[in-house]
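Written out below as structure tokens is the structure these notes cover.
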Amino acid sequence: MDNELNATYITFDGHVDVQKYKYLYFVIMFTAYILIICSNSTIVGIIVINKALHEPMYIFIAALLINSVLYSTAIYPKLLIDFLSEKQIISYSACIFQWFIYYTLAISEFFLLSAMAYDRYVSICKPLQYPTIMKKTTINIFLILAWILPVCQTSVSTLISANKKLCYFILKGIICNSTIQNLHCVSSAVLNVYGLIVFVIAVPLPVLFILFTYTRIFIITYGSSREVRRKAAQTCLPHLLVLINFSCLSAYDVLLARLETNVPKTVRLIMSLQIILYHPLFNPIIYGLKMKEIYKHLKKLFRLDKLN
């Protein structure tokens, strides 16, 4: 029975003084989770309710924020349970499932940011063709691909990992990420090569595409009026901030986290917390406060609350 348990369950070894600070960890992460759910859901609700915001840019923003809610929900409930538990363990099947959801939604974020970049490119660089190019059908295709492609890409790695034999049962982290491959008895060359291919498709290629489109936008608007340049900066810079932040953290998670380096446990914990905290919390702030139309509706919403 013990052997079966050891073969089925793995232990998280990324927590720092969890028994000593478990209530502090719990309160901080629970508060963050509630803020993520409420802030993202509020902006999505505003976009859904107001027909004036049923434009491609705002639809993609809503999809990005829904993605953040799903991403957080795949991580936070288990993390909160671990903080209050004597042992931080998870079944291998549940770990594989969390790993699948975690990377599927992370890849989706890059694809959605790419769709947003393309929308801004067409809007600013080809304004006369915008209604023809960014039709409802085009938007639906982008949204479907942004979620279906990551599922297909991640499914292959999931199936391979699920059938691998485990020789190690301690995971250096607080969530099931790429370090799960270090638990396998034999390192799979196929899995490593495929993972690298997926990483290139999911991160560098979208990043290069987004940088290319925004470079074109800034070049074209450079010779335009000040108002046009201001509008371009207002819509593009928030996207670039999200992109740079998420790209750096994703690169660390996929590449550095898999290296057998003597990184202090505290540093690993801080980096892991940044990965799961930053973009789900910052996305609604960036898109809610920096996007003029959304911010206008937010002010109207809270003003009505005060009147009532």
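For the range 166-221, give the percent of accessible area contributed by carbon and sulfur heavy atoms, probe 1.4 Å, rounded to a whole number. Write out the running numbers ahead of the final one.
Working: 2090 of 2660 Å².
Within the range 166-221, the accessible surface is 78 percent carbon and sulfur.
To the nearest 10 degrees, how steeply does helix 18-49 sit against the main Cα axis of the chain, on a 0 to 90 scale?
In the chain, helix 18-49 runs at an angle near 30 degrees to the longest axis.
With a 1.4 Å probe and every protein chain left in place, work out the accessible area per residue of the range 203-282 in Å², rounded to a whole number. Write out the running numbers ahead of the final one.
Numbers: 4380 Å² over 80 residues.
With all protein chains present, the range 203-282 gives 55 Å² per residue.
What Cys residues in the chain are without a partner cysteine, judged by a Cβ distance under 4.7 Å?
CYS38, CYS125, CYS152, CYS236, CYS248
Where a Cα-Cα gap under 30 Å defines reach, which lysines qualify for LYS292, not counting those fewer than 8 residues away within the same chain?
Hits, sequence-local ones excluded: LYS51, LYS126, LYS135, LYS136, LYS231, LYS300, LYS306.
Whole-Hz Karplus ³J(HN,Hα) for the range 151-159, in order, using 6.51 cos²θ - 1.76 cosθ + 1.60 and θ = phi - 60°, x for Gly and Pro?
Listing the rounded values in order: 4, 5, 5, 6, 4, 4, 4, 5, 5 Hz.
Identify all lysines with a Cα-Cα distance to LYS20 below 17 Å; exclude those on the same chain that are fewer than 8 residues away in sequence.
LYS87, LYS265
In bins 10 Å wide, starting from 0, what share of all Cα pairs of the range 40-146 does each bin hold, as a percent?
Bin by bin from 0 Å, the calculated values are 13, 35, 27, 15, 8, 2, 0.
Expected output is a single nm value to one decimal: the length gained when fully extending between PHE209 and ASN192, i.e. 0.36 nm times separation in residues minus the C-alpha distance. What is it? Don't skip to the answer; put the middle values down first.
Numbers: separation 17, 0.36 × 17 = 6.12 nm, distance 2.47 nm.
Here the answer is 3.6 nm.
Which peptide among 125-137, 106-118, 155-167 comes first, and what is the full order, when sorted by highest mean count of other Cβ atoms within 10 Å? Write out the running numbers ahead of the final one.
Working: 125-137: 11.8, 106-118: 23.7, 155-167: 14.4.
Descending mean neighbour count gives 106-118, 155-167, 125-137.
Which distance in nm do the two modelled labels at PHE169 and GLU55 give, with both placed 7 Å along the Cα-to-Cβ direction?
Calculated label separation equals 5.7 nm.
If all Cα-Cα distances of the range 46-93 are sorted into 5 Å bins from 0 onward, what percent lands in each bin, rounded to whole numbers?
5, 17, 17, 14, 11, 9, 8, 9, 7, 2, 0
Cut-off under 22 Å on the C-alpha distance; same-chain residues fewer than 8 positions from LYS164 excluded. Which lysines are left, in chain and number order?
Counting by Cα, and skipping residues close in sequence, LYS164 has these lysines nearby: LYS172.
Helix-only mean residue ellipticity at 222 nm, the chain, DSSP H runs n ≥ 4 weighted -39,500 (n - 2.57), per residue, nearest 500. What is it?
Working: 12 runs with 233 residues, N = 308.
Value at 222 nm, helices only, nearest 500: -26000 deg cm²/dmol.
Using only Cα atoms, tell me the angle between helix 292-307 and the longest principal axis of the chain; keep it within 0 to 90° and round to the nearest 10.
For 292-307 against the chain, the angle is about 80 degrees.
If I take the Cα coordinates of the chain and project them onto the principal axes, what are the three extents in Å, biggest first?
That works out to 69, 51, 33 Å along the principal axes.
The values are calculated or read from the model by the stated rules, or taken from the named source; none is laboratory data. In this text the structure is predicted, and so the values were computed from the model without any measurement. Glycine also receives a Cβ, built like all others from the backbone with ideal geometry; neighbour counts cover every protein chain displayed. Heavy atoms of the whole protein, side chains included, go into the accessibility calculation; ligands, DNA and RNA do not. Shrake-Rupley method; radii C 1.70, N 1.55, O 1.52, S 1.80 Å.
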